[in-house]
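Please treat every number below as a calculation from the coordinates, not as lab data. Quantities reported herein were computed from a predicted structural model and do not represent experimental measurements. Backbone-built Cβ (ideal geometry, glycine too); neighbour counts: all protein chains shown.
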Amino acid sequence: MTFNICVLASGSGTDLQSILDACDSGQIKGNVALVISNNSDAYALERGRNHGAEAAYIDHRRISREEHERLVAAEIDKRNIDLIVLAGYLRMFTPFFVDRYRWKIINIHPALLPDFGGPGYHGTMVHEAVLEAGRKESGCSVHFVTEEVDGGPVIGQIRVPVMEDDTPETLQKRVLEKEHELLPLVVQWFSEGRVKADEKTGNVMVEDHN
């Protein structure tokens, strides 16, 4: 039975591409069945189509946040989706969406959560904050999506050093390279049934199947 993935992205979709490539190589025993964007110009939609995924643009303007989410959910529910991946999706969710797909939605964030997460921490602003704080280390995190922005349980992280001459742009590039390693790896764990979440405590465990 195919493990079906839905990816939500607002931009160029390089994180999406890392998942598509991992599916093609067999690292992920699954398939990106659907790509959704709230941006009609998002190249992520084209990336999805190029790999045989269905691609849907769903405009969020002039409707409420929950109305938009219901349109997104309608597309997801038409398919047998096992995992929803936020890959540069610049929308915050209402309880409607989180409750509907609880423990089935993950997000990639360009910092070592719980630090430098929450509203306003996206894009180069995350890396600016890391540098301003004088941190010697940064990285990326994949976490479950909950009602709290960037506050869900962390599933996996990769760390990178912060260099003395780093700019937000150079740090962003180094972290993005690791995002392209971490995100497919975590999706692989899901496709293998290795990620277990305790709904009462929020603790996450990745089982070793070796």
Taking 7 Å along the Cα-to-C-beta vector as the label spot, tell me the residue 74-residue 41 distance in nanometres, rounded to one decimal.
-> 2.7 nm
Sorted by Cβ density within 10 Å, fewest first, the residues 165, 198, 115 = 165, 198, 115
Among 130-136, 82-88, how do they line up from the highest to the lowest mean number of other beta-carbon atoms within 10 Å?
-> 82-88, 130-136
Provide the percentage of antiparallel DSSP beta bridges, counting only those with both residues in the chain; round to the nearest 5.
-> 45 percent
Give the angle, between 0 and 90 degrees and rounded to the nearest 10, that separates the Cα long axis of helix 168-191 from the longest principal axis of the Cα atoms of the chain.
-> 40 degrees
log₁₀ of I(q)/I(0) at q = 0.16 Å⁻¹ - the chain, Debye sum with one point per alpha carbon = -1.09
3J(HN,Hα) from dihedral phi, segment 108-117, Karplus parametrisation 6.51/-1.76/1.60, rounded to Hz, x for glycine, proline = 9, 10, x, 7, 8, 4, x, 6, 6, x
Taking the Cα centre of each part, how many Å lie between segment 10-53 and segment 83-109?
-> 16 Å
In a GNM of the chain with a 10 Å cut-off on Cα contacts, which of 153, 184, 168 has the highest mean-square fluctuation?
-> 168
Tell me which residues come under 5 Å, amide H to amide H, from residue 8 once H is placed; ignore anything under 5 positions away on its chain.
-> 36, 85, 86, 87
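If R0 is 30 Å, what FRET efficiency do you get for residue 24 and residue 209 from their C-beta distance, rounded to 0.05?
0.85
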What is the chain's relative contact order, in percent, from Cα pairs under 8 angstrom and six or more apart in sequence?
-> 19 percent
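What is the fewest-to-most order of 6, 23 by other Cβ atoms lying within 10 Å of their Cβ?
23, 6
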Are any of the pairs 78/173; 78/104; 136/173; 104/200 more than 27 Å apart by Cα-Cα distance, and if so, which?
-> 78/173
So if R0 is 25 Å, what FRET efficiency would residue 133 and residue 192 give, r being the distance between their Cβ atoms, rounded to the nearest 0.05?
-> 0.10
